[in-house]
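The values are calculated or read from the model by the stated rules, or taken from the named source; none is laboratory data. Note that this is a predicted model, so its numbers are computed, not measured. Using ideal geometry, Cβ is built from the backbone for each residue, glycine included, and neighbour counts are taken over all protein chains shown.
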Amino acid sequence: MVALIWLCSFSSFLLAAERPSPELNRIDAIQQQRQHEQIQQQKEKLRSDADVRMEISSEKTTTLPINESPCYAIQQISLIDYASSNNLSQSSQFQWALNKAVKQLNLQLPHCFGVNGLSVLMKQVQNNIIERGYVTTRVVASEQDLNQGVFSLTIIPGRVRHTIIADASRIPWFSKLTAKTAIAFEQGDILNVRDIEQSLENLKRVPTADANVEILPADSTQIGESDIKITYQQRFPFRLNLNLDDSGSKSTGKWQGSTTVSWDNLFSANDLFYATFTHSLKRHSDELGRRATQNYGFYYSIPFAYWTLSASLYKTDYHQEVFGAFNNTYLYSGRSETSNVNISYLLYRDAVRKTTLSGGFWSRHSKNYIDQFEIEVQRRRMAGWQINLSHIEYIKATTLKLSAGFKWGTGVRRSIPAPEEYWGEGTSRPKIITASVEMNYPFNIGKQSFVFNTSWSAQWNKTPLIQQDRFSIVGRYTVRGFDGELNLSGERGWLWRNELSWNIANQGHWVYLALDGGRVTGRDDEMRLGHYLIGTALGLRGNWRHFYYDVFVGRPLYKPNGFKTTNITTGFNIGLNF
């Protein structure tokens, strides 16, 4: 009799399985979205993006003097490279510097130049070259007869002669592969500090490595050559991170413990590798019954001058008890795997901005089970491509970040149609547009240091989306002040996060006040409790030696009717770095 009841109740799942169960889809989507947020936070925490910007001094733009006496009527100005100085008809590769100077000085030919006017023109051309990063390239004027109406400037390109490596590590670590993957210039190249900055960023991207550079005059008969000396140091390459937080849910385990092992310079190629494992820790405040979650992942990245290649693989598992027919409980579980391969290229950089284009391949597949029986209508196998354009602008102390991306699914890697496709409620070949803006503004009031950070992100869909692809808001990683047990999600949406933090007595312990809000919308608006969430939080974060912490208390400011959450929510994140 018991077996018959079990069979009947379990059959109800199978019969309903002809169409995906909204409740089971919701549970699976919440778990996958939560684990995706945790993985993204791990990536952000472990990512080491060095930022090198070398100071360059140049004079400000001045104006041409007028009515100089004596002066020469100049009808033509030419710019030639030193190597071709015997051929005035061959223009220089730095012609852009002269053209820019002509515009800056509002110069119209013919013009009567005196000694001071010619000096102003030369300085402006020189400044333009230096501002572009060519700090060892010089502009000179050879002896010439200006009565001919032609003024000729000669460019002496500053070139790289030798790269000198000084390895200050206890155990010599710098290898040919270290240089090959990091250094963005070669012998004979025109020396540009942007190439040096990029090279230093590649060497410093490994947290346990450091490097600095000197530009030295070369002992050479060739005019304009310089040597570049790089001093490099690699410390012990292994790192360990132990972390504990309460970012999980009561349905699968509120407390989450994680261990991450990093191996820097795995192949002596300025490469980063880490492996991470996270598991829920059972607490009395969690829901009763069998429930747990775990995930593990691997990440690797390697630079090649202005290119960076990265790859990641993450696997997640969870299980929880759910109620079925006849008051029976069943073990509902899910397994998913996500992988990414990405390549990026720094399109442009100067003293105050960087622009990067990236693209790559993504795949995701998952399965769900009731007890040990797979729910076939929840099986998913998706893959596709993504492209992203990002830009960083440095405005004095302020940093502005912009990005826009497009993600689309294809039939690669044996993708299968999503069950929702039969009802027009989703697809395994989604088309998703994303955008984000972030501003970080540090400032001082008296001797106290403050930072204001604001960020806005959004998603738009070009196809119906399954639950796992939708834009989700609520919780510490989106709209703070909510306990995260429920969320709002939609095919389209935006999120706005704001935070003001104060460095207490400049000791590295920050008090912060957060105000966040978000909106979601989509095809199923009539089924959604609402569209908006607004929340706030007050917290304290900092570090002391190997220990770091983040504790906060928050509350909702606005939520739709029927949206269940606690009036006051608390959270923590603590850990040790070795």
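In the range 307-339, of all residues being surrounded by 19 or more Cβ atoms within 10 Å (Cβ to Cβ) and aromatic (Phe, Trp, Tyr), the one that is nearest to GLU44 (Cα to Cα) corresponds to TYR314. Within the range 172-208, which residues are under 22 Å from GLU225 (Cβ atoms), surrounded by fewer than 17 Cβ atoms within 10 Å (Cβ to Cβ) and of a type outside the set (Gly, Ala, Ser)? Within the range 172-208, GLU186, GLN187, ASP189 qualify. Taking each residue of the range 341-352 that is over 12 Å from ALA311 (Cα atoms) and looking for partners that are of a type in the set (Phe, Trp, Tyr) and in a strand (DSSP E or B) with beta-carbon atoms closer than 9 Å, six or more apart or interchain, yields TYR345/TRP307; LEU346/TRP307; ALA351/TYR394; VAL352/TYR394.
In the range 179-201, which residues are among the polar types (S, T, N, Q) and at pLDDT 95 or above? Residues satisfying the conditions are THR181, ASN192, GLN198, SER199.
Can you confirm whether the range 495-505 contains a residue that is touching a residue at least 24 places away in the same chain (Cβ under 8 Å), hydroxyl-bearing (Ser, Thr, Tyr) and within 30 Å of LEU240 (Cα to Cα)? Looking through the range 495-505, at least one residue is touching a residue at least 24 places away in the same chain (Cβ under 8 Å), hydroxyl-bearing (Ser, Thr, Tyr) and within 30 Å of LEU240 (Cα to Cα).
So, ASP195, is that one of a type outside the set (A, V, I, L, M) and out of contact with any strand residue (DSSP E or B) (no Cβ under 8 Å at 6 or more places or on another chain) or not? Yes.
Of the residues making up the range 502-532, those that are under 30 Å from GLN467 (Cα atoms), within 26 Å of the chain's Cα centre (by Cα) and either among the aliphatic types (A, V, I, L, M) or modelled with pLDDT under 95 (or both) number 3. Can you find a residue in the range 243-251 that is in a strand (DSSP E or B) and surrounded by fewer than 17 Cβ atoms within 10 Å (Cβ to Cβ)? Taking every residue of the range 243-251 in turn, at least one turns out to be in a strand (DSSP E or B) and surrounded by fewer than 17 Cβ atoms within 10 Å (Cβ to Cβ).
Could you please tell me which pairs satisfy a Cβ distance under 6 Å, a separation of 6+ or placement on different chains, a first residue in the range 38-51 that is farther than 16 Å from VAL261 by Cα, and a second residue that is assigned to a helix (DSSP H, G or I)? Taking only residues 6 or more apart or on different chains, the pairs are ALA50/GLU201; ALA50/LYS204. Residue count for the range 168-197 satisfying the condition of being assigned to a helix (DSSP H, G or I), closer than 17 Å to LEU272 by Cα and of a type outside the set (Val, Ile, Thr): 4.
Just a yes or no: is a residue in the range 208-216 more than 18 Å from ALA50 (Cβ to Cβ), at pLDDT below 95 and part of a loop (DSSP other than H, G, I, E, B)? No, the conditions are met nowhere in the range 208-216. Does at least one position in the range 49-69 carry a residue that is of a type outside the set (Val, Ile, Thr), out of contact with any His (no Cβ under 7 Å at 6 or more places or on another chain) and crowded, with 17+ Cβ neighbours inside 10 Å? Yes, the range 49-69 has at least one match. Only residues that are touching a residue at least 60 places away in the same chain (Cβ under 8 Å), closer than 10 Å to HIS111 by Cβ and not in a strand (DSSP E or B): list them for the range 53-82, please. Scanning the range 53-82 gives a single hit, GLN75. Of everything in the range 533-545 that's out of contact with any Gly (no Cβ under 7 Å at 6 or more places or on another chain) and at pLDDT below 95, which residue is surrounded by the most Cβ atoms within 10 Å (Cβ to Cβ)? The qualifying residue surrounded by the most Cβ atoms within 10 Å (Cβ to Cβ) is TRP544. Does any residue in the range 165-186 that is farther than 19 Å from TYR306 by Cβ and touching a residue at least 60 places away in the same chain (Cβ under 8 Å) come within less than 6 Å, Cβ to Cβ, of a residue that is part of a loop (DSSP other than H, G, I, E, B) and among the aromatic types (Phe, Trp, Tyr) six or more places away or on a different chain, and which pairs are these? So the pair list comes out as ILE165/PHE174; ASP167/PHE174.
Mind checking which strands (runs of 3 or more DSSP E) fall wholly inside the range 100-159 and carry at least 1 residues that are in contact with a His (Cβ under 9 Å, 6 or more places away or on another chain)?
Here the list is empty.
From the list THR427, THR434, THR454, THR355, the one residue that fits, being of a type in the set (Ser, Thr, Tyr) and surrounded by fewer than 16 Cβ atoms within 10 Å (Cβ to Cβ), is THR454.
Is it true that some residue in the range 264-287 is farther than 20 Å from GLN35 by Cα, of a type in the set (D, E, K, R) and in a loop (DSSP other than H, G, I, E, B)? Yes, some residue in the range 264-287 is farther than 20 Å from GLN35 by Cα, of a type in the set (D, E, K, R) and in a loop (DSSP other than H, G, I, E, B). Within the span defined as the range 87-94, every residue fails to be touching a Leu at 6+ places or on another chain (Cβ under 6 Å), at pLDDT 90 or above and surrounded by 17 or more Cβ atoms within 10 Å (Cβ to Cβ).
Considered as a group, the residues in the range 252-287 that are among the aromatic types (Phe, Trp, Tyr) and buried (at least 16 other Cβ atoms within 10 Å of the Cβ) include one that is farthest from THR181 (Cα to Cα), and that residue is TRP255.
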